[in-house]
Amino acid sequence: MLINKETFYSSLKLVYSLGLITSPIWGTGVLLATLMMNDSGRYKTRFQYGCIYSFLATPVALTYSVYRLNKGDRRPLVTLLPLITASSYVTCFLAFWKDKN
């Protein structure tokens with residue numbers, strides 16, 4: 001059972017819209033975890049700044065993607081932009097905890 005492209009883009013708009021609407025809920029916990037990274041005595045601000053920038057870019061990317069998808073834009077950058085910002089946050093977060101310095 002395959003889904004067609006319009007169903008895929010409609011479900012993608014729904015998922016991105018829900019992520020944008022619920023961003024104050026999940027964003028509070030993520031922001032708290034990000035800002036409390038250096039409370040452990042491991043001062044690695046380069047990774048913390050990367051996490052903060054990625055965290056701040058995620059709602060902007062979600063807004064842009066939902067807007068462009070509603071306008072009919074089907075480019076891969078538009079559909080993958082929120083995933084790129086979320087994965088960069090996860091990468092910076094893991095790099096903070098796995099750093100040997």
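Taken residue by residue, region 60-74 has at least one member that is out of contact with any helix residue (DSSP H, G or I) (no Cβ under 6 Å at 6 or more places or on another chain), open to solvent by 70 Å² or more (accessible area, probe 1.4 Å) and at pLDDT below 90.
Considering the conditions (1) at positive phi; (2) touching a Pro at 6+ places or on another chain (Cβ under 6 Å), ALA61 is excluded by exactly one of them, (1).
The values are calculated or read from the model by the stated rules, or taken from the named source; none is laboratory data. Computed from a predicted structure; not experimentally measured. Note: ideal-geometry Cβ built from the backbone for every residue, glycine included; neighbour counts use all protein chains shown. SASA here: full protein model, heavy atoms, side chains in, ligands and nucleic acids out. Shrake-Rupley method; radii C 1.70, N 1.55, O 1.52, S 1.80 Å.
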